[in-house]
Amino acid sequence: MTATLPKPVDTSKLANAQPGIYPYELWSGRYAGRIAAWVPPTYMPRVQQIPGALYSKADQVWTLPKAWPAVLALSAMAKETGLPILPEPSLNAWVTEQAEHWAALTKLAAAYDKDAVKGEDEEFFPHQEADGDWLAYGGGVEPTRGRLLNSETGIGKTAGLINGMRKLEILERGPVLVVAPKKTLRRAWEDDLARFYPEARVEVALGTATQRRKAIERVGAGEADVLVIGWEALRSHTRYAAFPGQALKKCQECGGPQQSEENTVSEARCQAHQKELNKIGWALIVCDELHRAMNNTSNTTQALWGVIKSAPFALRWGATGTPVSTRVEQTWSALHTADPLAWPVKSSWVEYYAETGYNMAGYFETHGFKPQRKEEFQQVYRAISRRRLKAEVLDLPPLIMGGGMIREVEMGKEQASAYKQMRDELIMRVKEGVIVAPSPMVAAGRLTMLASATGYPDPVWEAEAAAVEAENVARAAEGLPPKPLPPIRMLLRLPSGKIDSVIEDLTSGEFDGQQIAMSFESRRLLRLTVEAMQAKGFDADEIACVAGDMTQDACDFDVKEFQAGRKRFMLYTYGAGGTGLTMTAASTLLRVQRTWSPILWKQGLDRVHRIGSEQHKQINVIDYVTAGTIEEKQIDRYGQNTALLDDLTEDWARLLALFDPA
């Protein structure tokens, strides 16, 4: 073994010494600052399994990140093998100090006083005060710069984050970057910062790329303290963090290939070029709705990590009520965002913590946490993440849903015929033409739509397809290969058993005197419902909508009118209204459609059941499910995803503790 500085452990004598695990810190070379772990050769493969393990040829030893998860992994190895841990004294002192920090952070993460109430003159709820204490522990730096606020949607995570900023006096350290969904930039972040942190000068990056760039430059010049930017715009103003196996698009200045003038990557589209956000020394990076970066290979995630990589000393806070969706490995992206050093590589993390295997189709997949690793993982996760449930911290009305609140809908003859054709043949023949599903996934999406109404081909698609076919005739004459036709798009039309059932309920008198919210997956079905309501005599002035074909100002106006009681009905799609909106004026939610996304499913419900819904005795949630269709499986699938979320967040244990009379 070679090292340029004196060895803290004389590894040349370890072979004849007591068998054990000998951790020590490397002082120099490529792996300086990492923990070296010398073990008898028989146990080297076990060290290699630990996430982040790398082999140092110069030191002839496996090294691990100098981070608490690696320390716990070595401790778990000692228990499994029976080997004693014999650390070098200075490293042992660091481990002892870290143990105290992690224990204190874990205690703050779990802090909860069920008897505490918000006073009339207090700005924050008790749980938001506890959020701030947890975020500010150790100056926000010890034992890790990352924190994940995973409290249930609707209990005021934004205010908790701002309270943490205040407790840390973050503006004295440097500027703050907030990345959030576009629809929440002004309504949530700008308004809440003005309310809870009035001394913070806020810039909201909206508008064109040039307008956003000027806002960023004002923060960089010290003219503002906080920059609030949308996830959608983030990618245009930062370089990306390269991900293994994926090449970045580079301009020629960054080493990109020499290409024709029209194909050369410009500086604006270059993913490796340093841009405006990378030139600012951020003191804190806040990632609101962090599940937007759940896919570690997406451009959005790589852009976020590019900002984090350019500001290695910044605190990193993430916030989401749904930290996992359908697969346990999705947890890794949030962990890497919080602490890239502790969780550097996804593949080794999955191999170490997750149960894996192959499904019946032969595809590799995960099945949850390994039982023998779950407690080891939770020892860190319980400290780095904080989660409170609405049932714990808010006196909200009960949600009445499921069972008798599910209303079974029968399809009409035309709708049932179209559904059966698509289900059995992946082809649907209607008067307007033929719709083909090229794959089972496309078929599943179209079956979900057909369970709500009859489908027909989009006329715009037909025009696009005709144009491509005409172009292909010319290409064939020139000996060129044909261009593929655009995928067939399907729209919805009446008849719809669901809409008929909704209108019947609205006119029955059951909901008289109530404000009603209705959730949809399809914008087209929402518009058909509005048309049907107006045809039945409902006044257009009492119907509010939030959908993707509306401007942000129009959506904001309708939400404000609904909350003020000037509109009785609020119809929204999960895509446009699933996050950042408050619809607590509604005492009843009609789920006309459900989304396949567990995140949007949960957040769509939380629009009506959150701070502000205390005005109601209960919130009724009525599901319209078309009998004998894929929607029945959709509800079953949600139950499976809820179990995965509980496996990570331990919500069921929290609820048991809440209602345990002891």
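The values are calculated or read from the model by the stated rules, or taken from the named source; none is laboratory data. Since the structure is predicted, the reported quantities are computational estimates derived from the model, not experimental observations. As a convention, Cβ positions derive from the backbone with ideal geometry for all residues, glycine included, and neighbour counts pool all protein chains shown.
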Quiz item: Just wondering, is there one or more residues in the stretch 425-440 that are in a loop (DSSP other than H, G, I, E, B), of a type in the set (Lys, Arg) and free of Cβ contacts under 8 Å to residues at least 60 places away in the same chain?
Solution: yes
Quiz prompt | Long-range neighbours under 8 Å by Cβ, at least six apart or interchain, first residue basic (Lys, Arg) within the stretch 389-415, second in a loop (DSSP other than H, G, I, E, B) and surrounded by 15 or more Cβ atoms within 10 Å (Cβ to Cβ) | solution = Lys390/Glu152; Lys390/Gly154; Lys390/Ile155; Lys390/Leu396; Lys390/His609; Lys390/Arg610
Quiz prompt | Test: residue in the stretch 151-160 that is farther than 29 Å from Ala130 by Cβ, modelled with pLDDT under 95, in a loop (DSSP other than H, G, I, E, B) and in contact with a His (Cβ under 8 Å, 6 or more places away or on another chain) | solution = no
Exercise. Within the stretch 584-604, track down each residue that is of a type in the set (Ser, Thr, Tyr), farther than 16 Å from Asp636 by Cα and not in a strand (DSSP E or B).
Key: Thr584, Ser587
Exercise. Could you run through the stretch 215-247 and say how many residues are charged (D, E, K, R) and within 21 Å of Arg187 (Cα to Cα)?
Key: 2
Exercise. Being among the β-branched types (Val, Ile, Thr), under 26 Å from the mean Cα position of the chain (by Cα) and not in a loop (DSSP other than H, G, I, E, B) is the filter here, so list the residues in the stretch 504-555 that pass it.
Key: Val546
Practice problem: Check the stretch 174-196 and report whether any residue there is buried (at least 24 other Cβ atoms within 10 Å of the Cβ) and more than 21 Å from Leu304 (Cβ to Cβ). | Solution: no
Quiz item: Could you list, in sequence order, the residues of the stretch 548-573 that are hydroxyl-bearing (Ser, Thr, Tyr) and crowded, with 23+ Cβ neighbours inside 10 Å?
Solution: Tyr572, Thr573
Self-check item: Subset of the stretch 556-575 (residues that are modelled with pLDDT of 90 or more, of a type outside the set (Asp, Glu), part of a helix (DSSP H, G or I) and closer than 23 Å to Gln593 by Cα)
Solution: Val559, Phe562, Gln563
Practice problem: Sort out which residues of the stretch 75-89 are crowded, with 19+ Cβ neighbours inside 10 Å, in contact with a strand residue (DSSP E or B) (Cβ under 6 Å, 6 or more places away or on another chain) and among the hydrophobic types (A, V, I, L, M, F, W, C), and write them in order of number. | Solution: Leu83
Exercise. Could you figure out which of (1) over 26 Å from the mean Cα position of the chain (by Cα); (2) surrounded by 15 or more Cβ atoms within 10 Å (Cβ to Cβ) isn't true of Val380?
Key: (1)
Quiz item: Within the bounds of the stretch 467-475, is there any residue that is over 35 Å from the mean Cα position of the chain (by Cα), over 23 Å from Gln593 (Cα atoms) and among the β-branched types (Val, Ile, Thr)?
Solution: yes
Quiz item: Among the listed residues Ala391, Ala463, Ala444, which satisfies the condition of being at pLDDT below 90, loosely packed, with under 14 Cβ neighbours inside 10 Å and aliphatic (A, V, I, L, M)?
Solution: Ala463
Quiz item: Got a sec? Which of Arg523, Arg527 is surrounded by 15 or more Cβ atoms within 10 Å (Cβ to Cβ) and under 30 Å from Asp191 (Cα atoms)?
Solution: Arg523
Quiz item: Counting only residues that are assigned to a loop (DSSP other than H, G, I, E, B) and of a type outside the set (A, V, I, L, M, F, W, C), which one in the stretch 605-614 is surrounded by the most Cβ atoms within 10 Å (Cβ to Cβ)?
Solution: Arg607
Quiz item: Taking the stretch 314-371 as the region of interest, how many residues are crowded, with 19+ Cβ neighbours inside 10 Å, β-branched (Val, Ile, Thr) and in the same structural domain as Ala159 (by TED's automatic domain parsing)?
Solution: 6
Quiz prompt | Checklist (1) closer than 30 Å to Ile162 by Cα; (2) part of a loop (DSSP other than H, G, I, E, B) applied to Pro87, failing item | solution = (1)
Quiz item: Could you say which residue among Ala136, Ala99, Ala110 is within 23 Å of Val226 (Cβ to Cβ) and not aromatic (Phe, Trp, Tyr)?
Solution: Ala136
Quiz item: Can you spot a residue in the stretch 368-379 that is out of contact with any strand residue (DSSP E or B) (no Cβ under 9 Å at 6 or more places or on another chain), of a type in the set (Asp, Glu) and at pLDDT 90 or above?
Solution: yes
Self-check item: In the stretch 502-520, the residues that are of a type in the set (Gly, Ala, Ser) and surrounded by 22 or more Cβ atoms within 10 Å (Cβ to Cβ)
Solution: Ala517, Ser519
Self-check item: Residue count for the stretch 18-57, restricted to those that are assigned to a loop (DSSP other than H, G, I, E, B), in contact with a Phe, Trp or Tyr (Cβ under 8 Å, 6 or more places away or on another chain) and farther than 23 Å from Ser347 by Cα
Solution: 1
